[in-house]
Every structure is written in C-alpha cells, then in structure tokens.
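Any read-out appearing in this document is the output of simple, stated calculations on the displayed coordinates, not a laboratory observation. Keep in mind it's a predicted model, so treat the numbers as computed, not measured. Every residue, glycine as well, gets a Cβ built from its backbone with ideal geometry; the counts of neighbours run over all protein chains shown.
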Amino acid sequence: MYGPLVLAGDLGPVDDSAVDKPDDVPVLLAEDQNPNLWLSPVAEVANTFQVAENLARPRRFTLLPFYATHERRYSVYWDIYNEERWNQRQLDYQVELARKKELEEKTVDFFQPGETQAKRNHAFQGENARVMDFRHKKARVADRGGWFSFALAVQPGSNMALVVHYWGGFTGSQTFDILLNGQKLTTENISGKKDGQFIDIQYDIESTLIANSTKIVVRFEPHEGHRAGPIFGARTILR
C-alpha cells in the first residue's frame, strides 16, 4: 500500500513466454520488511517505485498503482526471504527437480488430461466428466454421479505403481475410488492434502493385476455426493 493505493508489481506483457517458469514471479530478499528501506520513487512518474538493485530475485520490478495496470501481468503479493530461508528454498528446489527427473526416468506410460491426442491414445471414457484449467494446467474431474477412465501401459512381471498428479489445496467433498481393471486399488480423499502445492501420490500395484496384461484401465469413481479428482496427470512407473 502507498497511502490508500494498492500497488502492483509489473511482470511484463500478458503473452510473455516466461509465464510458466517456476521463478517468473520475483521474491524479495530482505532482512528488514520495511519497504521504505528498499523502494525508491521513479522520477517524474507519480506513485511509482523501483525495487532496490539485487533485492528482488531473479529480477527487479516496478511497483505502480493497481488501477493503472492494464494488459500486463502483475502481482500484488510477494514472498519475502532472509538469506538463510532463501538458501533453503534454493536447496528445496534442487531436491524437487531431482525428484521429478527420477519420476520421469521410472515412467512407463503417461496420460495428460485435456489433450485430444492423449484422450485417443489412452482410450479415455467418461460420463459427467469435464476438463478444467487451473494454474496453467489442464485437469479432468468427474462431477457427482460421474466417472472417467483411461488405459495406461504396464510391464507384466515388474513391480509397478500408479502415480497421480493432484493440486493439494482443493477443499470440499472429494472422496473417490481408484479402480484398476475393475478392481478397487484404493479410496482417496484429496481435500486439503497440501495447500498451495501440486503433489504426486503413488499407489503401488499388486503384481496379480498386471500378470497377463500390457495395459490397465484406470477408473476414477466419486463416492455419493462427491467428485473424483481433479487429476492433472497420471502415470505408471517402475518401482
């Protein structure tokens, strides 16, 4: 805030290709959270401020009145770190990159909801199921009374698992069964799993389910009065 004005950070044009980068929205690195210590007014431009050099990571930005922000990407909330917390964040990021790389290397097959070709390649079916967009990702969700299914490749005789990609911050009635070839694998409830983060949950597959097959049909069925998903991706992996 600057007096009665809400200030927004200018993050560039709406069609900027950098929007999907994990560090696209800068963070502030400051031991003292008093903005008077790290903002300076922009000469001859009213109610506009520049963040101090080297304080915003990975790039500087300008704050201007929110009402004056048009056809631009912006943020009005900012994460603030001290040096110790910033270093830990960087370490956590590298650990997460390594986890994702390992997951990709173990993957046998992957289904991306919301893509036409993936829908065909994986024999997608469903009733009262829809595609949704959330945080630049597509997902599938079965509304009350609905269901959806798709096929994934497996390797008979191998120790395998199903990994499903969820958003951990959804709330409400979201309890559902996951079935493999018509047999219940597990009951899941994703309500409030991990607020503010995408998560991967692994479900180990009994070897008897894939003993004589190179594909499995994965089906999501909501409990009465609930929804199934949303799921943002699903894969079979070697474990």
Quiz item: Considering the dipole of the chain built from charges on the beta carbon (Lys and Arg +1, Asp and Glu -1) around the Cα centre, which of Y93, L55, L11 is farthest to its positive end?
Solution: Y93
Quiz prompt | Segment D143-R72, extension gain: residue separation times 0.36 nm, minus the distance between their alpha carbons | solution = 22.1 nm
Quiz item: Given only helices, namely DSSP H runs of n ≥ 4 each adding -39500 (n - 2.57), what is the per-residue ellipticity at 222 nm of the chain, to the nearest 500 deg cm²/dmol?
Solution: -4000 deg cm²/dmol
Quiz item: How far, in nm, would the chain grow between Q94 and V42 when pulled straight, counting 0.36 nm per residue and subtracting the alpha carbon separation?
Solution: 15.1 nm
Practice problem: For a label point 7 Å from the Cα of D200 along Cα→C-beta, name the residues of region 64-99 whose backbone N is under 13 Å from it. | Solution: 95-99
Quiz item: What is the packing order of peptides 179-190, 86-97, taking the mean over residues of other C-beta atoms within 10 Å and listing the highest first?
Solution: 179-190, 86-97
Self-check item: Dimensionless Rg ratio for region 179-239, taking C-alpha atoms and the 2.2 N^0.38 Å reference
Solution: 1.25
Exercise. Please express the Cα-Cα pair-distance distribution P(r) of the chain as a list of whole percents, one per 10 Å bin, running from 0 to the bin with the greatest distance.
Key: 7, 25, 26, 19, 15, 7, 1, 0
Quiz item: By average Cβ neighbour count within 10 Å, what is the ranking of 69-79, 165-175 from highest down?
Solution: 165-175, 69-79
Exercise. Just grab the label-to-label distance for L55 and V14, each label 7 Å out from Cα along the Cβ direction, in nm (one decimal).
Key: 3.0 nm
Practice problem: Kindly flag which residue pairs out of K138/K194; K100/K184; K137/K184; K100/K137; K138/K184 have an alpha-carbon separation exceeding 22 Å in this structure. | Solution: K100/K184; K137/K184; K138/K184
Quiz prompt | Net charge of neighbours whose Cβ lies under 13 Å from the Cβ of M132, counting Lys and Arg as +1 and Asp and Glu as -1 | solution = +4
Exercise. Between beta-carbons, use under 13 Å as the cut-off and find the net charge around A30, counting Lys and Arg +1, Asp and Glu -1.
Key: -4
Quiz item: In degrees between 0 and 90, to the nearest 10, how far off the longest principal axis of the chain does helix 83-106 point, with axes built from Cα atoms?
Solution: 30 degrees
Quiz item: Could you give P(r) for region 104-238, binned at 10 Å from zero, as whole percent values over all Cα-Cα pairs?
Solution: 13, 47, 34, 6, 0
Quiz item: Projected area of region 1-119, taken from the Cα convex hull and averaged over every viewing direction, in nm²?
Solution: 10.5 nm²
